[in-house]
1. Within segment 222-265, can you find the residues that are assigned to a helix (DSSP H, G or I) and either of a type in the set (Gly, Ala, Ser) or open to solvent by 70 Å² or more (accessible area, probe 1.4 Å) (or both)?
2. Say we look at segment 72-93 and pick out the residues that are β-branched (Val, Ile, Thr) and either more than 16 Å from the ligand (Cβ to nearest atom) or more than 13 Å from the chain's Cα centre (by Cα) (or both); which of these is surrounded by the fewest Cβ atoms within 10 Å (Cβ to Cβ)?
3. May I ask you to say which residue of Thr350, Thr331 is surrounded by 13 or more Cβ atoms within 10 Å (Cβ to Cβ) and free of Cβ contacts under 8 Å to residues at least 40 places away in the same chain?
4. Say we look at segment 190-221 and pick out the residues that are within 23 Å of Lys142 (Cβ to Cβ) and away from the ligand (no atom under 16 Å from the Cβ); which of these is most open to solvent (accessible area, probe 1.4 Å)?
5. Quick one: which of Ala348, Ala362 is part of a helix (DSSP H, G or I) and small (Gly, Ala, Ser)?
6. So which pairs qualify, if the first residue must be in segment 133-146 and touching a residue at least 40 places away in the same chain (Cβ under 8 Å), the second must be in a helix (DSSP H, G or I) and open to solvent by 50 Å² or more (accessible area, probe 1.4 Å), the Cβ gap must be under 7 Å, and the two must be at least 6 apart or on different chains?
7. Which is under 17 Å from His46 (Cα atoms) and surrounded by fewer than 19 Cβ atoms within 10 Å (Cβ to Cβ), of Ala297, Ala314?
8. Could you check, for segment 173-189, whether at least one of its residues is part of a loop (DSSP other than H, G, I, E, B), of a type in the set (A, V, I, L, M, F, W, C), more than 11 Å from the ligand (Cβ to nearest atom) and in contact with a His (Cβ under 9 Å, 6 or more places away or on another chain)?
Amino acid sequence: MLLSIGMRPSPHLGLNYILAVRVNVNHCVMDKPRILSGVQPTGTPHLGNYLGAIRNWVIQQTQYDNYFFIADLHAITVPHDPTTLAENTYRLAALYLACGLDLNCTTIFVQSHVSAHAELAWLLNCITPLNWLERMIQFKEKALKQGENVSIGLLDYPVLQAADILLYQADQVPVGEDQKQHLELTRDIAARFNFQYASEEKPILKVPEPLIQTEGARIMSLTDGTRKMSKSDPSELSRINLLDSPDEIRKKIKRCKTDPVRGLAFDDPERPECQNLLTLYQLLSGQTKAAVAADCADMGWGQFKPLLADTVVAALAPIQSKCHELMRDRTHLENVLKTGREQAAAIANTTLAQVRHALGYAPPR
Ligand code: TRP
């Protein structure tokens, strides 16, 4: 990748040299498929975000050229609190690092720091049919909750998401079940743009594939095993946040919903809570499903719950202490995000320039 062509003053000759440096920004990057994903900085991420997304990114990171960002433009598509946005953004960046994302093979950046996201979203808006957005399930669900206050931003959310993905020419996007429709839309928008403004032999936007996660899972609510663990659930008892104290974790697990059946087993559709809690235990204890199934087959909830609580507390302790350490050094975090922004912008601006050109804009002087 030809990365930086810049003018650097030479201290010896007093001349400007044009440097064209072929560098491998990230040691583990070259020729690996590029993946990209993001999380919104709303509230604190919970075990569902960790086990369903971030932990998989970490496990797979050496196999890919990774771009993970903090979706702070998406965070204002519903009413938000300006006094906590910046803090939530830094905290999420700290958590990405604390969970084990490695800057040697991963670029971490903040969406709003790379203005190409907002700009490409506008350009794509103008080729996206309104009825494609009106069909989006997440829009319909969120719009119902907002009543009168539905913003254009909420409707436009998936176009911004398409811009996020297409700017980086991502090969694959790790997404959960709930984001599949948005990825389909991204593919449709890319194909439509290519069809209208590029040739078949030389498409401008890469049509991304979903990255189906084999490891990890859909983590469900602690108070209702049939619903996804979610930041927007009004009950705090429904989720374990990554920064919950050991006491809070124990309390939530003590009070979580179970069932009256004796013995614990996976894969019983009648027992969604049992399935969810065993999965949590399996993933966080690092055991195989078979080992957990054998160990827990004769257990009752009274024995299992403290075991699960200890496991969650122990698994989160190193993440929490690393996160707190990172949060104490704001300058370091700012520098990480500055480097991330530079690496991201270099790629994003290249795609944006191609799109602008294809649409007929002359480059600015
Ligand atoms: N909509 C995603 C979510 O809420 C967050 C997101 C924004 C995203 N842009 C993205 C995910 C691009 C993947 C790719 O989970």
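The values are calculated or read from the model by the stated rules, or taken from the named source; none is laboratory data. Since the structure is predicted, the reported quantities are computational estimates derived from the model, not experimental observations. Note: ideal-geometry Cβ built from the backbone for every residue, glycine included; neighbour counts use all protein chains shown. Just the protein is used for accessible areas: all its heavy atoms, side chains included, with ligands, DNA and RNA removed. Shrake-Rupley method; radii C 1.70, N 1.55, O 1.52, S 1.80 Å.
1. If the condition is that a residue be assigned to a helix (DSSP H, G or I) and either of a type in the set (Gly, Ala, Ser) or open to solvent by 70 Å² or more (accessible area, probe 1.4 Å) (or both), then Glu236, Ser238, Asp247, Glu248, Arg250, Lys251, Lys254, Arg255 are the ones that fit.
2. Looking at the filtered set, the residue picked out is Thr83.
3. Residue meeting the stated conditions: Thr350.
4. Step by step, filter segment 190-221, then rank; the result is Met220.
5. Criteria check complete, one pass: Ala348.
6. Cβ pairs passing all conditions: Met136/Gln181; Ile137/Gln181; Gln138/Asp178.
7. None of the others qualify; the one that does is Ala314.
8. Checked segment 173-189: no residue is part of a loop (DSSP other than H, G, I, E, B), of a type in the set (A, V, I, L, M, F, W, C), more than 11 Å from the ligand (Cβ to nearest atom) and in contact with a His (Cβ under 9 Å, 6 or more places away or on another chain).
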